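Below is one structure, written out as structure tokens; comments come after it.
The values are calculated or read from the model by the stated rules, or taken from the named source; none is laboratory data. Predicted model, so just to flag it, every value in this text is computed and none were measured. Cβ placement follows ideal geometry from the backbone for every residue including glycine, while neighbour counts extend to all protein chains displayed. Areas reflect the complete protein model, heavy atoms only, side chains present, ligands, DNA and RNA absent. Shrake-Rupley method; radii C 1.70, N 1.55, O 1.52, S 1.80 Å.
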Amino acid sequence: SKKRGKASWQLFDPSMYESSLRQLELERDLRLSLENQDFSLYYQPIIHLETGRFLGFEALVRWIHPRRGFVSPAEFIPIAEESGLIEPLGDQILWTACRQIKQWLTQFPHLVDLSVSVNLSSKQLQNAKFVETLDRALTTTGISGQYLKLEITESILMGNHESLTSLFRSLLKRQVTLSLDDFGTGYSSLSYLHRFPLNEIKIDRSFINRIETDQQSREIVKIITTLAKTLNMTTVAEGVETLEQAEYLRSMACDMVQGYYFSQPLPEAEATAWIMNHAA
Ligand code: C2E
Ligand code: CA
Ligand code: CA
Ligand code: CA
């Protein structure tokens, strides 16, 4: 029939074939790059809005593929999650961030309130050994958890409430800050939020970049900052690209900002130079 004809045609859709081929190749190459340690972290400055003071960085993974060049984490993180490679990759990222914190604290001993935010995949947190991994990274590099923020996404909050709460509590015992990333894009954010011991909300970029043009986004930002205050959480706005956005956020008493208006994510040497120029 016509229908079947169409379905079998779709099976051979060359663009689909190409993208799944690319996915398979990327998975193979991820494996190789993990062994070769081809990943690096870039660091995007986070700024205290009221005082303009530099507070820390968000660590963002970068992969320079030997043949393809730069591959976006938005493309390879999902592949790493599906293939189970996110565990070893996530470990490498956490260790690299902890070593980097140690290096900066040694070089800049006055930076007592520095923090580096590390993105976690839900898969990493679901691993029963995550706290052990974290403890080993903290102990071996010799840093306190107070310098580390862990960014998690709303999807993790859909899991078992009791075991999650006890996981969060053991993380908080290590003095790490728990930050809820991409807030507003997930499921029933509001109904879940007050039930968990979280410290910080990151307002998703999709609301920030519509501040100048969309009344509704302005209202949403206002609601989120108010909600955070009520729940005793701090707020970070991500993806701030203009002075106007920063000023609106300041008028909403948003605590922290990051985005191209202040700085792109920086490679290690430039991040170190940023500290020297802004906090030394
Ligand atoms: P995210 O956690 O929401 O990270 C913010 C993204 O926005 C980053 O993209 C950052 O480079 C980008 N960005 C920052 N400021 C601006 C701005 O002003 N304008 C615009 N248009 N973009 C801005 P990136 O580095 O490509 O990362 C994409 C996503 O990949 C991240 O979104 C995060 O979900 C994931 N990711 C990145 N690094 C890691 C990592 O180390 N571990 C895990 N599990 N996921 C990561
Ligand atoms: Ca993030
Ligand atoms: Ca985010
Ligand atoms: Ca986002």
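With respect to Ser155, is the statement that it is within 16 Å of ligand 4 (Cβ to nearest atom), within 22 Å of Val61 (Cα to Cα) and loosely packed, with under 14 Cβ neighbours inside 10 Å true?
Taking the combined requirement at face value, the residue satisfies it.
For segment 210-220, indicate whether the set of residues that are within 16 Å of ligand 4 (Cβ to nearest atom), among the small types (Gly, Ala, Ser) and under 14 Å from Gln44 (Cβ atoms) is non-empty.
Filtering segment 210-220 down to residues within 16 Å of ligand 4 (Cβ to nearest atom) leaves 210-211, 217, 220.
Keeping just the survivors that are among the small types (Gly, Ala, Ser) gives 217.
Filter once more, so that each one left must be under 14 Å from Gln44 (Cβ atoms): none.
No: segment 210-220 contains no residue that is within 16 Å of ligand 4 (Cβ to nearest atom), among the small types (Gly, Ala, Ser) and under 14 Å from Gln44 (Cβ atoms).
Which count do you get for residues in segment 201-233 that are under 23 Å from Leu157 (Cβ atoms), open to solvent by 50 Å² or more (accessible area, probe 1.4 Å) and within 16 Å of ligand 2 (Cβ to nearest atom)?
Residues in segment 201-233 being under 23 Å from Leu157 (Cβ atoms), open to solvent by 50 Å² or more (accessible area, probe 1.4 Å) and within 16 Å of ligand 2 (Cβ to nearest atom): 1 in total.
In segment 183-195, is there at least one residue being open to solvent by less than 50 Å² (accessible area, probe 1.4 Å) and within 22 Å of Ile46 (Cα to Cα)?
Checked against the condition, which is being open to solvent by less than 50 Å² (accessible area, probe 1.4 Å) and within 22 Å of Ile46 (Cα to Cα), segment 183-195 yields at least one hit.
Out of the residues in segment 167-190 that are in contact (Cβ under 8 Å) with a residue 60 or more places away in the chain and within 16 Å of ligand 4 (Cβ to nearest atom), state the one that is nearest to Thr230 (Cα to Cα). Before you say what the answer is, go through the steps one by one.
Taking segment 167-190 first, the residues in contact (Cβ under 8 Å) with a residue 60 or more places away in the chain are 177, 179, 181.
With within 16 Å of ligand 4 (Cβ to nearest atom) added as a condition, the list becomes 179, 181.
On the way: Ser179: 16, Asp181: 18 Å.
The residue in question is Ser179.
Within segment 253-265, identify whether any single residue is assigned to a helix (DSSP H, G or I) and either modelled with pLDDT of 95 or more or open to solvent by less than 40 Å² (accessible area, probe 1.4 Å) (or both), and answer yes or no. Show your work before the answer.
Going through segment 253-265, the residues assigned to a helix (DSSP H, G or I) turn out to be none.
There is no residue in segment 253-265 that is assigned to a helix (DSSP H, G or I) and either modelled with pLDDT of 95 or more or open to solvent by less than 40 Å² (accessible area, probe 1.4 Å) (or both).
From the list Leu164, Leu89, Leu120, Leu148, which one is within 16 Å of ligand 4 (Cβ to nearest atom), on the phi < 0 side of the Ramachandran plot and surrounded by 15 or more Cβ atoms within 10 Å (Cβ to Cβ)?
Values: Leu164 fails: within 16 Å of ligand 4 (Cβ to nearest atom); Leu89 fails: within 16 Å of ligand 4 (Cβ to nearest atom); Leu148 fails: within 16 Å of ligand 4 (Cβ to nearest atom).
Unique residue meeting the criteria: Leu120.
Looking at (1) at pLDDT 95 or above; (2) under 16 Å from the mean Cα position of the chain (by Cα), which is the one condition that is false for Thr139?
Failing condition for Thr139: (2).
For Gly184, indicate whether it is at pLDDT 95 or above and at positive phi.
In short, no.
The conditions are (1) exposed (fewer than 14 other Cβ atoms within 10 Å of the Cβ); (2) part of a helix (DSSP H, G or I); (3) within 16 Å of ligand 1 (Cβ to nearest atom); (4) under 22 Å from the mean Cα position of the chain (by Cα), and Ala269 fails exactly one of them. Which is it?
Single failed check for Ala269: (3).
Take segment 104-113 and flag every residue that is free of Cβ contacts under 8 Å to residues at least 60 places away in the same chain and either open to solvent by less than 90 Å² (accessible area, probe 1.4 Å) or of a type in the set (A, V, I, L, M) (or both).
Leu105, Val112, Asp113
Just for segment 187-216: of the residues that are small (Gly, Ala, Ser) and under 17 Å from Ala237 (Cβ atoms), which one is farthest from the chain's Cα centre (by Cα)?
Applying the filter and picking the extreme gives Ser189.
Go through segment 64-86 and report how many residues are open to solvent by 10 Å² or more (accessible area, probe 1.4 Å), in contact with a strand residue (DSSP E or B) (Cβ under 9 Å, 6 or more places away or on another chain), touching a residue at least 40 places away in the same chain (Cβ under 8 Å) and not aliphatic (A, V, I, L, M).
0
Give the residue that is modelled with the lowest pLDDT, with candidates limited to residues of segment 55-69 that are within 29 Å of Leu114 (Cα to Cα) and more than 13 Å from the chain's Cα centre (by Cα). Before you say what the answer is, go through the steps one by one.
Of segment 55-69, the ones within 29 Å of Leu114 (Cα to Cα) are 55-64.
Checking the rest, the ones that are also more than 13 Å from the chain's Cα centre (by Cα) come to 55-56, 63-64.
Numbers: Leu55: 97, Gly56: 98, Trp63: 95, Ile64: 90.
For segment 55-69, the residue satisfying everything is Ile64.
Looking at segment 172-182, which of its residues are buried (at least 21 other Cβ atoms within 10 Å of the Cβ) and either β-branched (Val, Ile, Thr) or away from ligand 1 (no atom under 12 Å from the Cβ) (or both)? Outline the logic, then answer.
Let us first name the residues in segment 172-182 that are buried (at least 21 other Cβ atoms within 10 Å of the Cβ), namely 176, 179-181.
Val176 - this is the single residue of segment 172-182 that is buried (at least 21 other Cβ atoms within 10 Å of the Cβ) and either β-branched (Val, Ile, Thr) or away from ligand 1 (no atom under 12 Å from the Cβ) (or both).
State yes or no: is Gly259 under 29 Å from Ile143 (Cβ atoms), within 16 Å of ligand 2 (Cβ to nearest atom) and either in contact with a Leu (Cβ under 7 Å, 6 or more places away or on another chain) or not β-branched (Val, Ile, Thr) (or both)?
Numbers: under 29 Å from Ile143 (Cβ atoms): yes; within 16 Å of ligand 2 (Cβ to nearest atom): yes; either in contact with a Leu (Cβ under 7 Å, 6 or more places away or on another chain) or not β-branched (Val, Ile, Thr) (or both): yes.
Judged against the criteria, Gly259 is a match.
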